[in-house]
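Here is the structure we will look at, set down as structure tokens.
The values are calculated or read from the model by the stated rules, or taken from the named source; none is laboratory data. Bear in mind the structure is a predicted one, so any value in this text is a computation, not a measurement. All Cβ positions, even for glycine, are placed from backbone atoms using ideal geometry, and neighbour counts span all protein chains on display.
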Amino acid sequence: MTEAKFAMNRKSLFLRACRGGPVEHVPVWMMRQAGRYLPAYRAVRARHSFMEVCKTPALAVEVSLQPFLELAVDAVIVFSDILIPAEAMGLAVEFFDSGPVLPHPIRTREDVAALRDFDPGKETRFVSDAIAQLCRELGPEVPVLGFAAAPWTLACYMIDGRVKTGFGAVKRTLYCEPDLMRELLARIARNTARYLQAQIAAGAAAVQLFDTWAGELSQADYDEFALPSIQLLLDELQAGETPVIYYSKGTSHLLGSISRTGADVLSVDWRVDLADARAICRKRSGAPFAVQGNIDPSLLLGPVEGIRRAVQEAVAKTGGVGHILNLGHGILPETPVEHARAYIEAGQTAELPVTPGAAGRR
């Protein structure tokens, strides 16, 4: 197939990479690609609050499309927030420049019992409506991505109430009331499964689970608490042909465990060598996982030559097969737009090794 055909069919390109196949070029997008580094986003936020943008489909669609129109990314992720399900389950959520705060975090068994099992068709319909509108705007050739927090990461916010490392209140619950932690994780998993089902029904081509705080866990604690909750979520989700991407941060010590989540694509941060991830993370069949990542976001603050070099090195680690190029975490707000554009272009033009028979498989 020609590059021109793939340029008109980003969805096929993205899904082929998710399924571990060879591609004409690696599909490339960025976590937090709709954000403060874009002047158009800042203009919208000057008129509307963060949650107003999240909960107004027309505004969410507008900012979701900005990186596609400005940078020509290969996938459009719906603009939303991982704490939307926490609010739908009954917890107040407030957003400040320093990050989100849950003023009444979970502390007791009664707090967990008081959580609601929400209906995504009612309480969070604005997310599905935004995805459906994006699909209409972009047509069948551009993948729209949905997302949610993984149970452990959402539990960290729900128990601790704010963003910080260590998560003392969470760890106390984990060690002092392990059954309560398991109950909370299971409640989150089941509600998140329904939440993602609604996104898939609205047209999401793939969904991503963000497990930003998985790296706070030891191998034993991840296996005992986080891993079963992800497996429960994916069992309940029954995503079928829709790929599930699992992103985890700071989890170089957990690569063997994240292979057992049941996800289709494993997304890793810049601390993990992509070749190591490909070698260690194997499916039950023995086949390697598709991988996503893993450029250090801070590299986009440096010279364009360094960005291009880092992209080419990342692609060389995988040969471009079963690889979605992404950052190892969200793009930094101070990133120059021209550097973000250089990163996207570098991914889309990165040289791939020629393998015998590859052309026939494409």
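Candidates are the residues of the range 324-342 that are small (Gly, Ala, Ser) and not in a helix (DSSP H, G or I); the one that is farthest from residue 252 (Cα to Cα) is 330.
Within the option set 321, 311, 272, 291, being part of a strand (DSSP E or B) and either modelled with pLDDT under 95 or aliphatic (A, V, I, L, M) (or both) holds for one residue only, 291.
Where helices (runs of 4 or more DSSP H) fall wholly inside the range 1-115, the ranges with 1 or more residues that are of a type outside the set (A, V, I, L, M, F, W, C) and touching a His at 6+ places or on another chain (Cβ under 9 Å) are 3-7, 109-113. Residues being among the small types (Gly, Ala, Ser), touching a Ser or Thr at 6+ places or on another chain (Cβ under 6 Å), over 26 Å from residue 189 (Cβ atoms) and crowded, with 21+ Cβ neighbours inside 10 Å are entirely absent from the range 8-21. Quick one: would you say residue 100 is at pLDDT below 95, surrounded by fewer than 23 Cβ atoms within 10 Å (Cβ to Cβ) and in contact with a helix residue (DSSP H, G or I) (Cβ under 8 Å, 6 or more places away or on another chain)? Criteria met by residue 100. A count restricted to the range 147-181 and to residues that are in a loop (DSSP other than H, G, I, E, B) and closer than 30 Å to residue 64 by Cα stands at 5. Of the residues in the range 233-247, not one is of a type in the set (D, E, K, R), closer than 17 Å to residue 28 by Cα and assigned to a helix (DSSP H, G or I).
Selection of the range 298-308 for residues being of a type outside the set (A, V, I, L, M, F, W, C) and part of a helix (DSSP H, G or I) yields 298, 305, 306, 308. Number of residues in the range 135-181 that are within 22 Å of the chain's Cα centre (by Cα) and among the hydroxyl-bearing types (Ser, Thr, Tyr): the value is 3. For the range 289-305, state whether one or more residues are surrounded by fewer than 19 Cβ atoms within 10 Å (Cβ to Cβ), out of contact with any helix residue (DSSP H, G or I) (no Cβ under 6 Å at 6 or more places or on another chain) and either basic (Lys, Arg) or touching a residue at least 60 places away in the same chain (Cβ under 8 Å) (or both). No: the range 289-305 contains no residue that is surrounded by fewer than 19 Cβ atoms within 10 Å (Cβ to Cβ), out of contact with any helix residue (DSSP H, G or I) (no Cβ under 6 Å at 6 or more places or on another chain) and either basic (Lys, Arg) or touching a residue at least 60 places away in the same chain (Cβ under 8 Å) (or both).
The condition (being polar (S, T, N, Q), closer than 20 Å to residue 100 by Cα and buried (at least 18 other Cβ atoms within 10 Å of the Cβ)) is satisfied by just one residue among 33, 66: 33. Consider the range 199-224 and keep the residues that are hydrophobic (A, V, I, L, M, F, W, C) and surrounded by fewer than 20 Cβ atoms within 10 Å (Cβ to Cβ). The one that is nearest to residue 183 (Cα to Cα) is 220.
From the list 226, 279, the lone residue that is out of contact with any helix residue (DSSP H, G or I) (no Cβ under 7 Å at 6 or more places or on another chain) and either not in a strand (DSSP E or B) or not aliphatic (A, V, I, L, M) (or both) is 279.
The residues on offer are 277, 263, and the sole one that is at pLDDT 95 or above, of a type in the set (A, V, I, L, M, F, W, C) and under 21 Å from residue 230 (Cα atoms) is 263. Give me a count of the residues in the range 105-116 that are within 18 Å of residue 168 (Cβ to Cβ) and exposed (fewer than 11 other Cβ atoms within 10 Å of the Cβ). Looking only at that region, the number is 0. Do the conditions hold for residue 140, that is, is it within 30 Å of residue 28 (Cα to Cα) and either aromatic (Phe, Trp, Tyr) or surrounded by 14 or more Cβ atoms within 10 Å (Cβ to Cβ) (or both)? The answer is no for residue 140. What are the residues in the range 157-169 that are touching a helix residue (DSSP H, G or I) at 6+ places or on another chain (Cβ under 8 Å) and surrounded by fewer than 24 Cβ atoms within 10 Å (Cβ to Cβ), if any? Residues satisfying the conditions are 160, 161, 163, 165, 166, 167, 168, 169.
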